[in-house]
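Colleague: Structure below; questions to follow.
The values are calculated or read from the model by the stated rules, or taken from the named source; none is laboratory data. Fair warning: this is a prediction, and the values are worked out from it, not measured in the lab. Backbone-built Cβ (ideal geometry, glycine too); neighbour counts: all protein chains shown.
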Amino acid sequence: MSGQSINNNNFPDGGSPMKILVINGPNLNMLGIREPEIYGTGTYAELEALIRAEAARLGVEAELFQSNHEGTIVDVIQSAYRRINGIVINPAAYTHTSVAIADALKSVGIPAVEVHISDPDTREEFRRVSYIRPVCAATFKGMGFEGYLRALRFLCGRY
């Protein structure tokens, strides 16, 4: 993993704090309820609080977003163009199906990091395919909520 910070010059306000968009896909709003033996007992609100605290510690702005709808996720990625320096994305089930999300990430040219609470490579066969991974700078998987914090640090060059 790189120890250098991501330098994205595709946005106009280069003097402002780094802005990181954290996107969570379908069913992640059900954390703490859905399959706690796989995803743990932490809630989505707890995850948001951890991300916000780490972003503050790193001195970056974090914008958090969750949706169960593929097209909405594509819209949010596209709206990040020239506004966001880095993207942390857990596309959840869309990891294995969404060419649209992968294409949106490619189209905006913003450094992105894929995150998964569980390790999809150790689960069902269909979960081992990621359309998102090839367009990301790094992947953190199977680390629980810590994967998000590592993704933030990676984008800030503090991994």
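Colleague: Considering only segment 54-88, state which residues are among the β-branched types (Val, Ile, Thr), surrounded by fewer than 21 Cβ atoms within 10 Å (Cβ to Cβ) and more than 13 Å from residue 101 (Cβ to Cβ).
Modeller: 60
Colleague: With respect to the numbered conditions (1) farther than 15 Å from residue 91 by Cα; (2) at pLDDT 95 or above; (3) touching a strand residue (DSSP E or B) at 6+ places or on another chain (Cβ under 8 Å), which one is the sole condition not fulfilled by residue 58?
Modeller: Every condition holds for residue 58 apart from (3).
Colleague: Here is a follow-up. Going by what's in this entry, would residue 132 be described as buried (at least 17 other Cβ atoms within 10 Å of the Cβ), over 28 Å from residue 41 (Cβ atoms), touching a residue at least 40 places away in the same chain (Cβ under 8 Å) and under 14 Å from the mean Cα position of the chain (by Cα)?
Modeller: Criteria not met by residue 132.
Colleague: Please enumerate the residues belonging to segment 25-57 that are assigned to a helix (DSSP H, G or I) and farther than 19 Å from residue 114 by Cα.
Modeller: 30, 36, 37, 45, 46, 49, 53, 56, 57
Colleague: Name, by its number, the condition in (1) among the polar types (S, T, N, Q); (2) modelled with pLDDT under 95; (3) over 15 Å from residue 27 (Cβ atoms) that does not hold for residue 78.
Modeller: (2)
Colleague: Still on this structure, please answer the following. Among residues belonging to segment 139-159 that are of a type outside the set (A, V, I, L, M, F, W, C) and without any contact (Cβ under 8 Å) to a residue 60 or more places away in the chain, point out the one that is surrounded by the most Cβ atoms within 10 Å (Cβ to Cβ).
Modeller: By that ranking, first place goes to 147.
Colleague: A follow-up question, please. Give the number of residues within segment 89-133 that are outside any helix (DSSP H, G or I), in contact with a strand residue (DSSP E or B) (Cβ under 9 Å, 6 or more places away or on another chain), more than 20 Å from residue 34 (Cβ to Cβ) and of a type in the set (A, V, I, L, M).
Modeller: Summing the residues that are outside any helix (DSSP H, G or I), in contact with a strand residue (DSSP E or B) (Cβ under 9 Å, 6 or more places away or on another chain), more than 20 Å from residue 34 (Cβ to Cβ) and of a type in the set (A, V, I, L, M) in segment 89-133 gives 4.
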